[in-house]
Amino acid sequence: MARLRQLIAGNWKMNGLRKSLDELRAIKAGIADARCDVAICPPATLLAEAAWTLNDGNLLFGGQDCAIDASGAHTGDISAEMVADAGGKLVIVGHSERRTDHGETDALVRAKAEAAWRAGLLAILCIGETKAQRESDQTLDVLEQQLWGSVPDKADAANLVIAYEPVWAIGTGLTASSDDIIAAHAHIRARLTNRFGPEAAGIRIQYGGSVKPGNAREILALPNVDGALVGGASLKAADFLGIIAGTP
Ligand code: 13P
């Protein structure tokens, strides 16, 4: 089957001040001929300004999380409708840092993906095993459970991207081996196909965890790898553009 158009997305996490908009300008300038879709999820404080000034189609912006309600008395939360209103086209849900730091369950992540769709956003839904789970040979079972628990029934190729991010590879400089990535992504594709039939062939599966310019080309060429979700290396335009240059 022909390769899907890859999505390279940067997750800035809790990084970025207004001066960082210069990096976004440099990213935008560098992707005119990109072979992939490119997105940045800056902190919420920068989303509107970034999207209003730099969003013209070839660089997409998104949120890093959303609440499940559209509005209401939820101090500090940001709804999917607010992300969309700020110019966001997508939102990350279920990142392992939110699952860990904020106790987010599969059921909550599923509700967040549904909230994203209600607001017309693409959901990048993150799954991945911890080091202990990998060492006790539970990786594929954990991925299956997370997929069942957190992916809503109405998933399709246009509204969902799965990001496979092994927790132990995030921000550590460790990446999964090619064989491990191939096995995990094939498993994810098979489970999605079981549930969603032929539609699953079009659902993009990103790899995330210490993706850098130096390893991107090899990772992005692997079967069933349809892009990358990039943390640290998305903060500097030169690094992020180096990753984008590695898309097949
Ligand atoms: P790093 O690329 O910094 O390992 O982060 C990956 C990640 O968590 C992206 O969501």
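Using a Gaussian network for the chain with springs between C-alpha atoms less than 10 Å apart, which of these wobbles most: 166, 42, 213?
213
What are the ³J(HN,Hα) values, in whole Hz, obtained from phi via the Karplus relation 6.51 cos²θ - 1.76 cosθ + 1.60 with θ = phi - 60°, for each residue of the range 65-80 in sequence order, with x given for Gly and Pro?
Values per residue, Gly and Pro as x: 5, 8, 7, 8, 8, 6, 6, x, 7, 9, 4, x, 8, 10, 8, 4 Hz.
Could you pull out every residue, at least 5 positions away or on a different chain, whose amide H is within less than 5 Å of the one on residue 41? Hs are placed 1.01 Å off N in the peptide plane, and Pro or chain starts have none.
So residue 41 has HN proximity to 10, 11, 12, 62.
Shape verdict for the range 106-182, please, from the Cα gyration tensor: rounded (a/c under 1.5), prolate (a/b greater than b/c) or oblate.
Prolate is the answer for the range 106-182, as a/c is 1.5 or above and a/b outweighs b/c.
Which of these, 89, 236, 112, has the largest mean-square fluctuation under a Gaussian network model of the chain (Cα springs below 10 Å)?
Taking springs between Cα atoms under 10 Å, the residue moving most is 236.
Suppose the Debye formula is applied to equal point scatterers at every Cα of the range 108-147; what is log10 I(q)/I(0) at q = 0.32 Å⁻¹?
The computed values of log10 I(q)/I(0) come out as -0.99.
For the chain, what value does the Rg/Rh ratio take when both radii are computed over Cα atoms and Rh is the Kirkwood radius, given to two decimals?
0.93
Are any of the pairs 19/154; 13/131; 13/89; 19/131; 89/154 more than 28 Å apart by Cα-Cα distance, and if so, which?
19/154; 19/131
Cα gyration tensor of the range 89-135, axes a ≥ b ≥ c as square roots of the eigenvalues: rounded (a/c below 1.5), prolate (a/b > b/c) or oblate? Present the calculation step by step, with values, prior to reporting the outcome.
Details: a/c = 2.83, a/b = 2.18, b/c = 1.29.
Prolate.
In debye, nearest 20: dipole of the chain around its Cα centre with unit charges on the Cβ of K, R (+) and D, E (-)?
520
What GluC sites (Glu not before Pro) in the range 122-218 are in a loop by DSSP, with at most 13 other Cβ atoms within 10 Å of the Cβ?
Filter output for the range 122-218: empty list.
Rounded, prolate or oblate: which fits the range 1-46 when a ≥ b ≥ c are the square roots of the eigenvalues of the alpha-carbon gyration tensor, with rounded for a/c under 1.5 and prolate only if a/b beats b/c?
Oblate is the answer for the range 1-46, as a/c is 1.5 or above yet b/c matches or exceeds a/b.
Taking the chain as a Gaussian network, where each spring joins two C-alpha atoms under 10 Å apart, which residue of 132, 155, 50 fluctuates the most?
Fluctuation is largest for 132.
Setting aside same-chain residues fewer than 8 positions from residue 212, which aspartates and glutamates have a Cα under 15 Å from its Cα?
Residue 212 reaches 165, 239.
None of the figures in this text is laboratory data; all of them are computed from the coordinates on show. These figures come from a predicted structure and were not determined experimentally. Because the Cβ atoms are built from the backbone with ideal geometry, glycine has one as well, and the counts that use them run over all protein chains shown.
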